[in-house]
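Nothing in this text is a laboratory measurement; each read-out follows from the coordinates by a stated rule. Model, not experiment: these values are computed from the prediction. For neighbour counting, all protein chains shown are included, and Cβ atoms are generated from backbone atoms with ideal geometry for every residue, glycine included.
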Amino acid sequence: MPPSSPPLHDSRLALTALSGAARSACRLVGGAAVAVALAACGAGPPDGTSEARRPNIVLYVVDTVRADRLGAYGYEKPTSPRLDGFAAGAVLFENAYAQSSWTRPAVASLFTGLLPPAHRTVGRRSVLPEDAMTLAEILAANGYEGLGLVRNPNVSRAFGFAQGFTRFRSEDRERDETMLARVRLWLDERQGADGPFFLFLHAIDPHGPYDPAPEFEEMFEAGGAPAHYRTVRYLLGLNRGEVEPGPGTAEALSRLYDAEVAQNDRAFGELLDELEGRGLAEDTAVIYVSDHGEEFAEHGRWEHGLSLYEEVLRVPLVMRLPGVPPRRVEAPAQHVDVLPTLLGYLGIEAPPTDGRDLLAAPRRGDGPPDVYTHLDVDGHRAASVIRGRYKLVLPQSPSQGTKPMLFDLEADPAEQEDLAADRPEVVERMLGLLADQNLAGEIFSAQEIEDDQLDEDVRRRLRALGYVD
C-alpha cells in the first residue's frame, strides 16, 4: 500500500493466497464483503487445521551478515554463539543466497517469493507494488496478527513494506537490543489473544558505519581502528576512490564488522530468551536470515550493492520449525524460497512464486535448483545465475562493462579466476539460462516514489547509512 493509504483497511487482508482467475476475482471483492470473499475464495486454514493450532512466526532479518562470518557456517571467531546454539536445533541451509546485494530488492523477494525482475523493487526510488501479495498479507488473511519493527529505512512504510501488518514501526538506527523492549510491550498486550502472531524484525547493527559497543570492540581487538573508519563518509570515499586504503584497512574494518555481528547475536539471543521465558518457544517458528553480505575488498570493493560476488550473496538461512527435525541442507536455497517453504509448512496455499518449498520432497529427476541474482541500482547493473558448479555473472554497466564472467565455484570459491574465455560453451549455456529465465509469479509494473514524497526523517536516516548524499 502506498504511504498515504491506511495499512489496516485493505480488502486484500481478507484474501488467502490464490492464483489465476480466482485470485483476480477475489481482488474485486470490497472490504464490506470480507466474509463472503473468504468463503468464495477458499481462505482460511486447510481441512483439519485450526488457526489456534498454527504456530507463531518470527522472521528475523539481520542486515549485512555474510554466512562465512558465523560459527554455524564455519567461522573460527566467536561472533555468533547464540545463533550457533539455535542452529543446532534447527534446519540450516549451508548454501543460501540473497536475491540481490542490497536491502530493498532482497527483502522484497523474501516478502513475495518473486525475483527482482518480477517484483521490480530494485532502485533507490522503487516501491514494493501494492498489488504484490506479501507474506504479511497472506498470514493476516489466515488469522495472524502482524508486527513489523525495522531499523533500515529501505524497508519502511515509505517504500511499501508495511503491507499486511497490523502494526509497523520504522525508527532511527538505535541498537538492535532496543527492539526487544517494543516486542515485550506488544507481547504483553497480546496476552490472552486467540490467534497466532507474525513478528518481523529487521535488525541493522552489522550495517556500516561499523561502530560497535566498547565491550565487543575489546572482544575482537577492534579498538585500535581510527575514528574515521567508523564513519559513512570514509566508507563511501573508499568506493568512490576518494580515499586510498592502507595495508591494514580491510583487517581493521573487518574486526569492527565482526564486533557488530557479535553484538547483534546477543540481541538475537535475548529475543530467543524472551520467547522461552514466556513459554512461546515450542509454539513459535523462528526464521533467521540476512538480506545480503558485505565486501572487504576481496574484489576491490567495499560494503555492498556494487557487485554480485559470493561475499555479498551468500547469507545465513536457519529455520527452527516446531515438529521439523534439525538438519543441515547442502542443496542451494535462496530468498524466494522462504515464502513457499513457510506457507507449505503452515498448510496455507501459496501464490505463484519463483521459489520452491525447501521442505517438500524433491520430485524424481529434479536436480539442484538454479540460483538467480540481480542488481540494478545507481548505475550498477548485473545479473547472475548458478547451475551446479558454475556461476555466470553478466555485468551491464559502464563501470564494469558487459563482458560475461564465468567461475567454477567448486574449484575457485573465491571467484579469482574468470573462465569465460576458456569455456565458451558453458558461457553460452549459462547466458541462455539468463535469457530464458522463467518468472513463475506475476510480473508487476514498476512503482516509484518521487523525491519530494519522502519525508525529511526518512531522508535523514537514509543519509546516515550512506544511501543518499
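Here is how the numbers come out for the structure above:
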item	result
For L115, residues with placed amide H under 5 Å, excluding near neighbours	D354
Cα centre as origin, Lys/Arg/Asp/Glu Cβ charges: region 57-127 dipole, Debye	440
Alpha-carbon centroid distance for the pair region 252-325 / region 180-247, whole angstrom	11
For W302, W186, W102, order by how many other beta-carbon atoms lie within 10 Å, fewest first	W186, W302, W102
Sorted peptide list for 206-219, 307-320, 401-414, 189-202, criterion being average Cβ within 10 angstrom, highest first	307-320, 206-219, 189-202, 401-414
Förster radius 60 Å - calculated FRET efficiency between L280 and E242 (Cβ-Cβ, nearest 0.05)	0.75
Long-range amide H partners of Y75 with built H, under 5 Å	L70
Relative contact order, percent, region 379-441 [alpha-carbon distance under 8 Å, six or more residues apart]	26
Net +/- balance of residues flanking G74 in space, Cβ distance below 13 Å, scoring K and R +1, D and E -1	+1
Rough spin-label spacing in nm, given labels placed 7 Å along Cα→Cβ, for E76 and R429	3.7
For region 161-167, Karplus couplings with θ = phi - 60° (6.51, -1.76, 1.60), whole Hz, Gly/Pro x	8, 8, 4, x, 8, 5, 9
Charge tally in the Cβ shell below 10 Å around L306, where Lys, Arg are +1 and Asp, Glu are -1, L306 excluded	-2
Electrostatic dipole magnitude of region 152-289 [Cβ: Lys, Arg +1; Asp, Glu -1; Cα centre; debye, to 20]	700
